[in-house]
Amino acid sequence: MQSTAHQGHKDNLAHRLARRPFFVFLMGIGSLSMIIPSVYALVQDDHVASRAFLYSALLFFVLTMFIGFATANYRSSLMRGYLVSLLAAFVILPLMLAVPMYETVHQMTFLESWFEAVSSITTTGATLYDNPFSLPETIHLWRAMMGWLGGLLMWVAAISLFAPLNIGGFEVRSLRGGSASNKSMTQIGRVSDPSDRLVRYGAKLVPLYMALTALLWLCLMAVGERPFAAICHAMSVMATSGISPVGGLVDSPSGFFGEFVILLFFTFALTRGAFSRGLTGVQMSPLNKDKEFRMAVSLIVVLTLVLFLRHGVLAFDENATNDIGVALRAMWGALFTITSFMTTTGFESADWTTTREWSGLGSPGLILVGLAVIGGGVATTAGGVKLLRIYALWKHGQREIERLVHPSSVGGAGASARQIRRQGAQISWIFFMIFTISIAAVMILLSLTGVQFETAMVLAVSALSTTGPLAAIGAETPISYAGVPDTAKVILALAMALGRLEALAIIALLNPEFWRR
């Protein structure tokens, strides 16, 4: 009886907190999270950083409490409030999260602190400091934590908010004439309170997200990674932020085994079927039959073979080494880096240099740019266009080619497949064009600030696809975010927020009918 009463008290507390404005709830989480870097800095005898994070935590938590009391009677079941809160979480909330960084690193301006905070919480991972050792470990921990929290926010928000609204990739399946399960999901989204869904799905996803991060952390330490670097890399892999306190995995002591473990955890960014099976009540295909996962594996295998076989087809050199060990390292470097950029994480394999030398390509950055645009799975922490939309376009193109050969043929594979090929392909093409136009618009804005064309293109893709490390590896020469003007930094930060929330959610906010409901 006592355990039942205790559980009921916890549920009531969770529901009371959920009744507050969602943005206030996020402010509280951000404030309390500052205590962890404060304690770590105290252990490291970095009292300046410890005080900065502790005082910021106290200040903003008290401010959050005041706002929470002021909104005690707030009651809204409208979805638009939650979408506005998500947009504010990626643009306004970083103003609060940037304060301890600004107080700790004296050479960092507040604009640069805000840029770092936006980059982290949107899981982009772009940084203005090319040398990671120029920042204290406490700042690296805070950046990794912000990215980790941003990834968790997207896990919960995607299923709780995006799915009922049919945005974020769910629109490919949940359209007019869709399956009964998808229609029921949409109907539930219309009649139930968004706060109830946030509590229900958050209670299931938060422990799983934390457990997977802890498991990856333990695995990385087991293969030789330093504990601090291991926890930062674990949080960065789960959130696909690509944030590293040591500049990536190139010089990691964990070597091949560390990269192999990380490669396995990339699965959670390729398909939501890896972690949300049975969560929403909608029947999902096994992993080996999941359309997104199979599409990702096909692209990864094809591109890996292209880079590997190019050595013997186009880049053959009688003086070049053909050692089997070098060949295997080249194939592994291609496999890991291609998967990393498809998940928009941006970690570079230690053998990527061997892959470039083996393939004869000085900098195959265009391939990585394309992979970042494609992105990972729907309702995952990955950015980009998303694999399900690419799959819909692929099936539509395949069907159109079949009709050229057999004009009177009838497409099979069931109603769900026909829907993806028709309405799904149409909305996927619209989103792809919006994404492309967004890249062009960001490029034009960056060019107006004095950024060169190629640099503007890579930076625009890296921001909109939330793949920050793309700037260092996607161009012929590494691009430094510190070298762009302050106006360009603001443009890139806003582009990161747009890429993380997606244009369809912004369009929904701008729709007058959405506000009238």
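The values are calculated or read from the model by the stated rules, or taken from the named source; none is laboratory data. Note that the structure is predicted; figures quoted are calculated from it, not measured. Backbone-built Cβ (ideal geometry, glycine too); neighbour counts: all protein chains shown. Side chains are part of the model used for accessible areas, which takes the heavy atoms of the whole protein and leaves out ligands, DNA and RNA. Shrake-Rupley method; radii C 1.70, N 1.55, O 1.52, S 1.80 Å.
Below is a table of values for the structure above.
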| read-out | value |
| --- | --- |
| Selection status of ALA425, modelled with pLDDT of 95 or more and open to solvent by less than 50 Å² (accessible area, probe 1.4 Å) | no |
| Output for the stretch 436-466, where each listed residue is β-branched (Val, Ile, Thr) and over 21 Å from the mean Cα position of the chain (by Cα) | ILE444, THR449, VAL451, THR455 |
| Sole residue being of a type outside the set (Phe, Trp, Tyr), open to solvent by 20 Å² or more (accessible area, probe 1.4 Å) and within 25 Å of PRO469 (Cβ to Cβ), chosen from PRO245, PRO253 | PRO253 |
| Some residue of the stretch 349-360 being modelled with pLDDT of 95 or more, outside any loop (DSSP other than H, G, I, E, B) and more than 17 Å from ILE479 (Cα to Cα) | no |
| Matching residues in the stretch 248-303 - criterion: being without any contact (Cβ under 8 Å) to a residue 24 or more places away in the chain, polar (S, T, N, Q) and assigned to a helix (DSSP H, G or I) | ASN288, SER298 |
| Residue selected from the stretch 100-139 under the condition among the charged types (D, E, K, R), in a helix (DSSP H, G or I) and in contact with a Pro (Cβ under 9 Å, 6 or more places away or on another chain), by the criterion least open to solvent (accessible area, probe 1.4 Å) | GLU116 |
| Verdict on VAL84 being β-branched (Val, Ile, Thr), modelled with pLDDT under 95 and in a helix (DSSP H, G or I) | yes |
